[in-house]
Each structure stands twice: as structure tokens, then as C-alpha cells.
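Following: one structure in C-alpha cells, then a few remarks.
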Amino acid sequence: VQATAGSVQQTAAASVAVIDSDFAISAEKPSTTLEAGRSADVRILVSPLFGDPEVVIFSASGIPRGVQASFDPVYVRVGDSTTLHLQSAPFLSPGQSNIKVTAEGKFTSRNTVVRLRTLFPPAATIVDPKPYSQINGTTRVAATGGASLGTTLKSLELYLDGQKIPGLQSVISPAEWMWNTKSADDGPHLLSAGATDAEGNQGFSPGVAIWIQNKGECGCSANGGGWEAIGLLGLLAAIRRRRR
């Protein structure tokens, strides 16, 4: 290209690549969340625009620290799809990032962006009763919970030996309930709290060992409080692990 003004002449050159096929790339969902120690999948679609469909290979950039990204499969023919698999390390900083997904063909490449929110798992703690307490009748139970930066706490629930206790749920923290222990068998148990955040992620407190004594049939000394059977409690704790 030449441009002339009086006696001054300027020249510029460029090249043009002519392609006989093209495609578009998109994410099935524009954003996703990832909790520490968990995984998340996003389907990536590749659609033909014109010409014969070619084979494209995928890559990702902008991946935050503590997250690994892979594709299954790593290449497809235009018109098919792949799955972006995101795997978090056990420890992950909360935040937001944009992952750029690239599909590269023989003559051209196309990009799409997946917004990723990384979160801590929600936390829960049993405040009352204290570990190794003997309880009976209707007793006070208190728990606290918290959610990661970037989300909010949705609910707190109580579990006995890994099973949810009906009716003991709260949408605020700290939470306090009056629990009728007669709904459970006498003997050793593990009491725990479960927290759920607004994204549906769950976290559980460590189990608090308690002894329920309503029938007065523990078969132990008056001051033992049931804890002469601590060996049995250890066995039950191993068997009755909470189920997530």
C-alpha cells in the first residue's frame, strides 16, 4: 500500500491469511466454583462456522496457584466437545480468576473464558456439650459455622454418628438447639456439626464423644459416667465414622 503527498511517499506492507474453514468455541457454563481438595468440570463446545471440520487441540492459561487443569480429551474434531477438569490442592486461597481456554486448529485458534471462584470449605465447631460429657433428657447443644470469603453460610446441622438429627438445623451462626436425647440409644456416640455454604459445599466438625444415659442401665460405677467403657467408645468411633 502506497500513500503519496506531494513529493513524500510512504509504503506499508501486510500479509493476509486466507482460511477455508473456521469454528467457534464456548463454555457450557461461564463460571464455576472450586473448593479446596475438590474438583470441578466444565464442558467446552467447539462449533463449526464454515468449511470442513478440522481437529483442534486444547490448552488453558491463567490457572490460579493450587489448581491443576486438564482436558478430556485433549483434542477433538470441530463439532465435538471436551471437558475441562479442574482439580484443587488440599490448601487453596479464596479468590477469583479467569481461565482462558484455547482451541487451536491448523490455521487459526479461538478462545473462551471460564471464570473460576476458589473457596475454603465451610467450617463447623461443636461448642456445647464438651467432649466426654454424660448427657440425658433434653440438653442444650450449641455450634458455630463459617463460610469462605466469596460465599455465605447457608445452614448448620447436627449429626449423631454420621446421621443427621431431624429438626436440628439453623440458618445462622452461632446456633443453639434443645435436643431430646431420648431419641437416641443410651451409650457412647459421636456428635458433630455440618456447615453448608451457598454454593452447596459442605464441611464437618470433628466428632465430639458423648455418653447418653437416660435409662440408668450403664452397668458402671456411680462416678464413672459411662467412661469406664472408653475402649468401647473407641471401637464405636471407628465404626460410626460420619458419612459425607
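The rows are residues; the columns are (1) hydroxyl-bearing (S, T, Y); (2) touching a helix residue (DSSP H, G or I) at 6+ places or on another chain (Cβ under 6 Å); (3) closer than 30 Å to E199 by Cβ.
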residue: Q2; (1), (2), (3): no, no, no
residue: S7; (1), (2), (3): yes, no, no
residue: V18; (1), (2), (3): no, no, no
residue: G37; (1), (2), (3): no, no, yes
residue: A69; (1), (2), (3): no, no, yes
residue: P73; (1), (2), (3): no, no, yes
residue: L92; (1), (2), (3): no, no, yes
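Based on what the data block shows, is V42 part of a strand (DSSP E or B) and either among the β-branched types (V, I, T) or out of contact with any helix residue (DSSP H, G or I) (no Cβ under 6 Å at 6 or more places or on another chain) (or both)? Reasoning before the result, please.
Values: part of a strand (DSSP E or B): yes; either among the β-branched types (V, I, T) or out of contact with any helix residue (DSSP H, G or I) (no Cβ under 6 Å at 6 or more places or on another chain) (or both): yes.
So V42 fits the description; yes.
If you go through the range 78-92 and keep only what is of a type outside the set (S, T, N, Q), open to solvent by 30 Å² or more (accessible area, probe 1.4 Å), at pLDDT 95 or above and within 24 Å of the chain's Cα centre (by Cα), you end up with just H85. Among the residues of the range 8-33, the ones that are surrounded by 10 or more Cβ atoms within 10 Å (Cβ to Cβ), touching an Asp or Glu at 6+ places or on another chain (Cβ under 9 Å) and either part of a loop (DSSP other than H, G, I, E, B) or among the charged types (D, E, K, R) (or both) come to 1 in all. The set of residues in the range 68-77 that are of a type outside the set (S, T, Y) and either at pLDDT below 95 or surrounded by fewer than 15 Cβ atoms within 10 Å (Cβ to Cβ) (or both) comprises Q68, D72, P73, V74, R77.
Run down L190, L168 and say which single residue is touching a helix residue (DSSP H, G or I) at 6+ places or on another chain (Cβ under 7 Å), open to solvent by less than 50 Å² (accessible area, probe 1.4 Å) and of a type in the set (A, V, I, L, M, F, W, C).
Sole residue among the options that is touching a helix residue (DSSP H, G or I) at 6+ places or on another chain (Cβ under 7 Å), open to solvent by less than 50 Å² (accessible area, probe 1.4 Å) and of a type in the set (A, V, I, L, M, F, W, C): L190.
When you look at S97, is it in contact (Cβ under 8 Å) with a residue 40 or more places away in the chain and either basic (K, R) or part of a strand (DSSP E or B) (or both), yes or no? Before the answer, list the steps.
Numbers: in contact (Cβ under 8 Å) with a residue 40 or more places away in the chain: no; either basic (K, R) or part of a strand (DSSP E or B) (or both): yes.
Considered against the rule, which asks whether it is in contact (Cβ under 8 Å) with a residue 40 or more places away in the chain and either basic (K, R) or part of a strand (DSSP E or B) (or both), S97 comes out as no.
Against the condition β-branched (V, I, T), open to solvent by less than 60 Å² (accessible area, probe 1.4 Å) and more than 20 Å from K29 (Cβ to Cβ), how does V55 come out, does it pass? So V55 does not fit the description; no.
The values are calculated or read from the model by the stated rules, or taken from the named source; none is laboratory data. Keep in mind that what you see is a predicted model, and the values were worked out from it rather than measured. Neighbour counts run over all protein chains shown; Cβ positions are idealised from the backbone, glycine included. Surface accessibility is based on the protein's heavy atoms, side chains included, excluding ligands, DNA and RNA. Shrake-Rupley method; radii C 1.70, N 1.55, O 1.52, S 1.80 Å.
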